[in-house]
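In what follows, a single structure is set out as structure tokens and then discussed.
The values are calculated or read from the model by the stated rules, or taken from the named source; none is laboratory data. Note that the coordinates shown come from a computational prediction; the quantities given were computed from them, not determined experimentally. Please note: Cβ atoms are built from the backbone with ideal geometry, for glycine as well, and neighbour counts cover all protein chains shown. Heads up: the accessible areas ignore ligands, DNA and RNA and are worked out on the full protein's heavy atoms, side chains in. Shrake-Rupley method; radii C 1.70, N 1.55, O 1.52, S 1.80 Å.
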Amino acid sequence: MKDEFEVISHGAADYKVFVVNLLYRTPHIHKDFEICLILEGSVRLLSRGREYRYEKGALWVINPLESHELAADQPALILSLQVSPTFFASAFPQIEHTEFLQPPAAARTALLAQTFLDIARAYFDHAGEPSLRCVGLIFLFFDSLLLHFPHTCMTEKERQISANKAQRIRRISDYIDSHYSEKLLLTDVAADLGLTMSYLSHFFKASFGMSFQEYVMKLRCEKARQLLLLTDFSLLDISMACGFSDIKYFNKGFSRQFGCSPRQYRRQFQHEELAQQQKSMLSTQEVLSAATSRVILETYLRSS
């Protein structure tokens, strides 16, 4: 979970397709457009201060530098395409100023999903290496997005403001990731960034869609969840390792986040079947291999 500003490695191309097995992803941003399609399960997307729920077959778009959080009640399989705006530089440089808004009607989403699946198949058939078919399909897909997804065009000034905002968000998340296990106050982050408390408080709420305290609690609870499942540490040790001031505060925060106490969560997990245990023992998300992704994609296509 280190460095919540994602740095995506595309290898020889400006795009990447993969399947992720996801239970929870803390608020984060990245420089790419990200298109997601749910292959199994359901997911809650929190972005711009609003929550959206997506079921199997649903598709959504995240803009570059847009903070978002993902959560699932049970591990969900998500097909993801991350593509850099520079991918379109020669043919459609206006994409740098494009920001997608709300999703279109379900019928149009289904048409977009089919093209997305064709992209994934072409990508995995070439083992993730660039191919003319895959490149062509991505261009066609974004052409369809511009036709069917509501969107707006930012001015150069608005784009620069967005880039500066993203840089500040990255510094904030880096600082929290490095210090969440310690006593952490908003004043500490403000001092590190050279900002006033009042400004940072408003900036944080507007950027992450939650208060500083809520964000830190989510991060600590997710770290604690991992330790509960992957270690035999005592609750007290986990509480201290994750930055909670005392066990009572740990119990209260964890119960609010996951609907049960840390002790109950660990007991429930221990009584689950092995297959479900293996799914639950995710960190935040697990990116599957190209070979596994190809099998999952074919299974989804046969069942659709």
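In the chain, the calculated helix contribution to ellipticity at 222 nm averages -15500 deg cm²/dmol per residue, counting -39,500 (n - 2.57) for every DSSP H run with n ≥ 4. Normalised by 2.2 N^0.38 Å, with N the number of residues, the alpha-carbon radius of gyration of the stretch 132-252 equals 1.48. For the stretch 243-251, the Karplus equation 6.51 cos²θ - 1.76 cosθ + 1.60, evaluated at θ = phi - 60°, returns couplings of x, 6, 6, 7, 5, 5, 5, 4, 4 Hz by residue, with Gly and Pro reported as x. Other residues within the sphere of radius under 13 Å centred on the Cβ of VAL17, judged by their own Cβ, net out at -2 (K and R +1, D and E -1).
In this rough spin-label picture, where each label sits 7 Å from Cα along the Cβ direction, the LEU301-THR152 distance is 3.8 nm. Checked against a 32 Å cut-off, the cross-linked pairs LYS205/LYS252; LYS16/LYS218; LYS165/LYS223; LYS165/LYS218; LYS16/LYS183 give Cα-Cα distances beyond that limit for LYS16/LYS183.
The simple spin-label model puts a point 7 Å past each Cα toward its Cβ; for SER289 and SER261 those points are separated by 4.2 nm. Taking the longest Cα principal axis of the chain as reference, the axis of helix 106-125 is set at about 90 degrees.
Measuring only protein heavy atoms, the 1.4 Å probe finds VAL83 accessible over about 0 Å². Under the combined filter of DSSP loop state and at most 16 neighbouring Cβ atoms within 10 Å, the stretch 148-249 retains these trypsin sites (Lys or Arg not before Pro): LYS183. What does the C-alpha gyration tensor say about the overall shape of the stretch 201-271? Classify as rounded when a/c is under 1.5, otherwise prolate if a/b is larger than b/c, or oblate. Prolate, since a/c reaches 1.5 and a/b exceeds b/c.
Each semi-axis of the equivalent ellipsoid for the stretch 125-194 is √(5λ) with λ an eigenvalue of the Cα gyration tensor; in descending order they amount to 39, 20, 10 Å. Relative contact order for the stretch 34-110: 34 percent, from Cα pairs under 8 Å spaced at least 6 residues apart, divided by residue count. Computed from phi, the 3J(HN,Hα) profile of the stretch 156-168 under the Karplus parametrisation 6.51, -1.76, 1.60 (θ = phi - 60°) reads 4, 5, 5, 5, 5, 4, 4, 5, 5, 5, 4, 5, 5 Hz, with x in place of Gly and Pro. Couplings 3J(HN,Hα) for the stretch 59-70, derived from phi with the Karplus relation 6.51 cos²θ - 1.76 cosθ + 1.60 (θ = phi - 60°), are 10, 9, 10, 10, 7, x, 6, 9, 5, 8, 10, 10 Hz, where x marks Gly and Pro.
The fraction of accessible area contributed by carbon and sulfur in the chain is 53 percent, rounded to a whole number (1.4 Å probe; ligands and nucleic acids excluded). FRET efficiency for the SER131 to SER234 pair, using the beta carbon distance and R₀ = 41 Å, is estimated at 0.20. Computed from the Cα positions only, the extents of the chain along the three principal axes stand at 56, 50, 35 Å, in decreasing order.
Heavy atoms of the protein chains alone define the surface here; on that basis the chain has 49 Å² accessible area per residue at 1.4 Å probe size.
Normalised by the number of residues in the chain, the average gap of Cα pairs under 8 Å and 6 or more apart makes the relative contact order 22 percent.
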